[in-house]
Amino acid sequence: MTYVNAPVHDLLIRIKNAYMAHKLTVEGVVYSNFKIKILELLKQYGFVKNFEVIEDWKKRFIKVSLKAVENPVDDIPEVKFYSKPSRPWYVSYKDIKSVAGGKGIGIISTNQWLMSTHVAKKKKVWWELIAEIY
């Protein structure tokens, strides 16, 4: 059993690495509600195709299905991390900018759960900016 210090970073990097290797699935991701909410956002904005929760005895894992990579320049996502376990990155709704000219999303954790940065800006909420994906 391995311990991951930043599980959200691990999830996003696994997805990026699988796209770079032209794989269609990411398996063995340890389950958490926070990761499920992030995957729901990524699915909503088209960065992942689908995901499912798999139970193996008493443990739960997530299997993520990815889209096929046709054009590596456009289909492989870039990930930029802001918050880390040792240093949270708080932003105001006034400081939120569009990600990659509107082609990407920023993931922000608010008191209303997780949302993309452009939705947070419309609702005028602020909190912790986790990452940008474009």
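The values are calculated or read from the model by the stated rules, or taken from the named source; none is laboratory data. If you're wondering where the values come from, they're calculated on a predicted model, not measured in any experiment. Note that each Cβ is placed from the backbone with ideal geometry, even for glycine, and that neighbours are counted across all protein chains shown.
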Consider F34 carefully, then state whether it is surrounded by 13 or more Cβ atoms within 10 Å (Cβ to Cβ), among the aromatic types (F, W, Y), more than 19 Å from H118 (Cβ to Cβ) and modelled with pLDDT of 90 or more.
yes
Scan the range 8-27 for residues that are more than 17 Å from I54 (Cβ to Cβ), without any contact (Cβ under 8 Å) to a residue 40 or more places away in the chain and not small (G, A, S) and report the count.
2
Evaluate the following for V64: is it in contact (Cβ under 8 Å) with a residue 40 or more places away in the chain and crowded, with 17+ Cβ neighbours inside 10 Å?
yes
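What tally of residues in the range 79-93 results from selecting those that are without any contact (Cβ under 8 Å) to a residue 24 or more places away in the chain and either assigned to a loop (DSSP other than H, G, I, E, B) or of a type in the set (S, T, Y) (or both)?
Total meeting the criteria: 1.
Here is a yes/no grid of residues against (1) surrounded by 11 or more Cβ atoms within 10 Å (Cβ to Cβ); (2) farther than 26 Å from W126 by Cβ; (3) at pLDDT 95 or above:
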| residue | (1), (2), (3) |
| --- | --- |
| H9 | yes, no, no |
| L39 | yes, no, yes |
| F47 | yes, no, no |
| P72 | no, yes, no |
| S86 | no, no, no |
| K94 | no, no, no |
Quick check: is even one residue across the range 14-25 hydroxyl-bearing (S, T, Y), part of a helix (DSSP H, G or I) and either surrounded by 13 or more Cβ atoms within 10 Å (Cβ to Cβ) or in contact with a helix residue (DSSP H, G or I) (Cβ under 8 Å, 6 or more places away or on another chain) (or both)?
yes
Which residues, counting only those in the range 99-113, are buried (at least 18 other Cβ atoms within 10 Å of the Cβ) and either closer than 19 Å to S32 by Cα or touching a residue at least 40 places away in the same chain (Cβ under 8 Å) (or both)?
I105, I107, I108, S109
Kindly indicate whether V125 is over 19 Å from P7 (Cβ atoms), over 17 Å from the mean Cα position of the chain (by Cα), in contact (Cβ under 8 Å) with a residue 24 or more places away in the chain and in the same structural domain as V26 (by TED's automatic domain parsing).
no
Of the conditions (1) closer than 24 Å to W126 by Cα; (2) modelled with pLDDT of 95 or more, F51 clears all except one; give me its number.
(1)
